Structures are given as structure tokens and as C-alpha cells.
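A quick write-up on the structure given underneath.
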Amino acid sequence: MARFRIQDMRSIEKSPTSPGALKNKLGEMLYSSVNATARVEKIDPKTGAYRIVLQGTIDPEPSRFDEP
């Protein structure tokens, strides 16, 4: 999996994007984090709308197993 860096953070907000592309970016971010938490802020069962807040820390040191 590709390493996610702090400089990549703005790419998450690019819109419009497909759910698959967002899933990949968020997956890279979580995989590259040393810790992470998620909080559901809002969910509307009638419309299916939701808001989730992710919070974590990106590992500043690349692992020796990461791609160059």
C-alpha cells in the first residue's frame, strides 16, 4: 500500500470523488498512522446521511518496508 504523507491531506477533500477513490485514500492514511480514532457525529436514518470524524497521527518516519 502507498505511504500517505501530511502533504497528501488536501487530496482527501477533492470533490467530486468516487467512494472507491476516497476509500483508497483513507485506507492509505489509516495504514500510515501510528494511532487513529473515529467518532460518529451525526447520522440520519431517514436519509442515510452521516458525518464521521477521524483523528490520528501520521507516522513521520517511513518504515523500512515502505515503498521508496
task = For region 36-51, name all the residues that are out of contact with any helix residue (DSSP H, G or I) (no Cβ under 8 Å at 6 or more places or on another chain), surrounded by 10 or more Cβ atoms within 10 Å (Cβ to Cβ) and within 20 Å of PHE4 (Cα to Cα).
result = ALA38
note = If we ask which residues in region 1-58 are outside any strand (DSSP E or B) and not charged (D, E, K, R), their number turns out to be 27
query = Can you tell me which of PRO60, PRO19 is at pLDDT below 85, more than 11 Å from the chain's Cα centre (by Cα) and on the phi < 0 side of the Ramachandran plot?
reply = PRO60
ask   = Which ones in region 38-61 are touching a residue at least 12 places away in the same chain (Cβ under 8 Å) and charged (D, E, K, R)?
value = ARG39, GLU41, ASP59
ask   = Could you list, in sequence order, the residues of region 1-43 that are of a type in the set (A, V, I, L, M) and closer than 17 Å to ILE58 by Cβ?
value = MET1, ALA2, ILE6, MET9, ILE12, LEU26, MET29, LEU30, VAL34, ALA36, ALA38
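The values are calculated or read from the model by the stated rules, or taken from the named source; none is laboratory data. Just so it is clear, the model here is predicted, and its values are computed rather than measured. Note that each Cβ is placed from the backbone with ideal geometry, even for glycine, and that neighbours are counted across all protein chains shown.
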